[in-house]
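Colleague: The structure follows.
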Amino acid sequence: MMGRKGTGRRPFDAERFLHSVGRSRRVVTYQPAQVILAQGDPCTSVLYVQSGAVKLSVLSSTGKEAVVAMFGPGDFFGEGCLTGQPVRIATATAVDTCEILSVLKRAMVRLLHSEHAFSDRFIAHMLARNIRVEEDLVDHLFNSSEKRLARALLLLARYGKPTAEARVLPNLSQEVLAEMVGTTRSRVNFFMNKFRKLGFIEYNGGLKINSSLVSVVLHV
């Protein structure tokens, strides 16, 4: 969500503002599969991804898990505390090694009131998040599982960002992709093999997403 080099303007330095809150913030490193926050935990802080990837999942009363979001560098999550949410309604888990900056609610509220540039960018982040949720709903209602998978891969690879490095995905299992797309692992495996044969994706020390994959999403 944050600006990056190559966009024609100086990147917005969110971390500079977040580090200004002193003892009300801390940076923690999480290893792959480590839980960052759990569904039902007290909702007391806002978190910011400095590096790595995070998945957000929800567990139903019947024990079924659904992945509802993925976050990468420059993304906020856990902001429900700012709206009076008493407990976490989802679980955040590290997908690969992550550095997460955590800011206590009271410090975040103070920062939003005192720093207008930061407040404007945070509001823009929230609006973009809402738009993404609406697009995800439309995607699930009207698109095939193949298109949903292609769109999910492009979003995970941060398609459209100026840095080529952003096109390489963290180590996501096909089970996680199936949860995100709302299909079976066998269907994901079928489409991933198809995408690889067509040159849309590559396996070479990681999963690389080529921009040509967008043709699957655009195809009527």
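The values are calculated or read from the model by the stated rules, or taken from the named source; none is laboratory data. From a predicted model like this one, the values you see are computed outputs, not experimental measurements. Positions of Cβ are backbone-derived with ideal geometry, glycine not excepted, and every protein chain shown enters the neighbour counts. These area figures cover heavy atoms from the full protein model, side chains too; ligands, DNA and RNA do not enter into them. Shrake-Rupley method; radii C 1.70, N 1.55, O 1.52, S 1.80 Å.
Colleague: Full extension from GLU15 to LEU137: what is 0.36 nm times the residue separation minus their Cα-Cα distance, to one decimal in nm?
Modeller: Fully extending the segment from GLU15 to LEU137 adds 40.8 nm.
Colleague: Beyond 23 Å, what percent of the Cα pairs of the chain remain? Numbers along the way, then the final one.
Modeller: Values: 11922 of 24090 pairs.
Value for the chain: 49 percent of Cα pairs lie more than 23 Å apart.
Colleague: Check the straight Cα-Cα distances from LYS197 and name the aspartates and glutamates below 15 Å, setting aside those fewer than 8 residues away within the same chain.
Modeller: GLU146
Colleague: Another question about this same structure. Leaving ligands and nucleic acids out of the surface, order ILE201, ILE36, ILE89 by accessible area at 1.4 Å, largest first. Let's see the in-between values first.
Modeller: Numbers: ILE201 5, ILE36 25, ILE89 110 Å².
Largest accessible area first, the list is ILE89, ILE36, ILE201.
Colleague: In debye, nearest 20, what is the charge dipole magnitude of the stretch 97-187 about its Cα centre with +1 on Lys and Arg Cβ and -1 on Asp and Glu Cβ, if you could check?
Modeller: Values: 14 positive and 11 negative charges, 18 e Å.
With Lys and Arg at +1 and Asp and Glu at -1, about 80 debye.
Colleague: From Cα pairs below 8 angstrom and at least 6 apart in sequence, can you work out the relative contact order of the stretch 61-220, rounded to a whole percent? Walk me through the numbers before you get to the answer.
Modeller: Numbers: 111 pairs, mean separation 35.6, N = 160.
Result for the stretch 61-220 is 22 percent.
Colleague: Here is a further query. What value does the stretch 25-76 have for Rg/Rh, both radii from Cα atoms and Rh as Kirkwood defines it?
Modeller: Working: Rg = 12.0 Å, Rh = 12.4 Å.
On the Cα set of the stretch 25-76, Rg over Rh gives 0.96.
Colleague: Could you check the simple spin-label distance between ALA128 and HIS116, using points 7 Å along Cα→Cβ, in nm with one decimal?
Modeller: Result for the modelled spin labels: 2.2 nm.
Colleague: Let me ask something else. Working out 0.36 nm times the residue gap between SER173 and VAL58, then minus their Cα-Cα distance, what length gain in nm do you get to one decimal?
Modeller: Details: separation 115, 0.36 × 115 = 41.40 nm, distance 1.74 nm.
Contour length minus the Cα-Cα distance gives 39.7 nm.
Colleague: Next question, about the same structure. I'd like the carbon and sulfur percentage of the solvent accessible area for the chain, probe radius 1.4 Å, heavy atoms only, ligands and nucleic acids excluded.
Modeller: Numbers: 6560 of 12030 Å².
C and S fraction of accessible area: 55 percent.
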